[in-house]
Amino acid sequence: MKLVYIIFATSLILVSCGQNGKQVAQDNEVNTSKEKVVANKQLTFEIEGMVCVMGCGGSIKSKLAETNAVEKCEFDFEEGREMNKVTVSFDKNKTTPENIIKIVTEMNDGQFKVGARESGDVSINIKTTIQDLPGTSEEAKTKGHI
């Protein structure tokens, strides 16, 4: 019975993390709370210790979502590559790059190691933001007034 369980567990791990080649996470949205996070800062860092985007990336997204300060998290992951990249868009009024790094490096008993990092401001598309406001008329949008 133990052998069957071990084979099943091993198969599950291989199937979930065994995709070859470069992977970029498709669902990048992190914040699931009712309060919308508007990112005004972006942090990109190298990360070591990721096995796959689905499992490890999902865990990182979930943990960062708990801050209610992260809008999205994107991964540049390639199987077999020692260092992969993570880009986190966040609200600098609610958290800091240092706090994000601390959260990631303390996960899973220190599974992830962070390398080079850089941060900068996020520019937003004001036109798109105004068009997305509730009550903005379709006529104003189509005529280009907004």
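Scan the stretch 88-100 residue by residue and report those that are out of contact with any Cys (no Cβ under 7 Å at 6 or more places or on another chain) and among the β-branched types (Val, Ile, Thr). Before the answer, list the steps.
Residues of the stretch 88-100 that are out of contact with any Cys (no Cβ under 7 Å at 6 or more places or on another chain), as a first pass: 89-100.
Once the filter is applied, which keeps residues that are out of contact with any Cys (no Cβ under 7 Å at 6 or more places or on another chain) and among the β-branched types (Val, Ile, Thr), the stretch 88-100 yields Thr95, Thr96, Ile100.
Does the stretch 103-120 hold any residues that are in contact (Cβ under 8 Å) with a residue 24 or more places away in the chain and polar (S, T, N, Q), and which are they?
Asn108, Gln111, Ser119
Would you point out the residue of the stretch 36-57, among those that are in a strand (DSSP E or B) and not acidic (Asp, Glu), that is surrounded by the most Cβ atoms within 10 Å (Cβ to Cβ)?
Checking each candidate, the answer is Ile47.
Looking only at strands (runs of 3 or more DSSP E) that fall completely inside the stretch 58-134, which ones have 2 or more residues that are of a type in the set (S, T, N, Q) and either buried (at least 16 other Cβ atoms within 10 Å of the Cβ) or modelled with pLDDT of 95 or more (or both)?
83-90
From the list Gln19, Gln26, exactly one residue is assigned to a loop (DSSP other than H, G, I, E, B), modelled with pLDDT under 95 and under 12 Å from the mean Cα position of the chain (by Cα). Which is it? Outline the logic, then answer.
On the way: Gln19 fails: under 12 Å from the mean Cα position of the chain (by Cα).
Matching residue, one of Gln19, Gln26: Gln26.
Pick from Lys85, Lys63, Lys94: which is under 14 Å from Thr44 (Cα atoms) and of a type in the set (Lys, Arg)?
Just one listed residue meets the conditions, Lys85.
The values are calculated or read from the model by the stated rules, or taken from the named source; none is laboratory data. Please read all numbers here as calculations on a predicted model, not as lab measurements. Cβ coordinates were reconstructed from backbone atoms using ideal geometry, including for glycine residues, and neighbour counts include every protein chain displayed.
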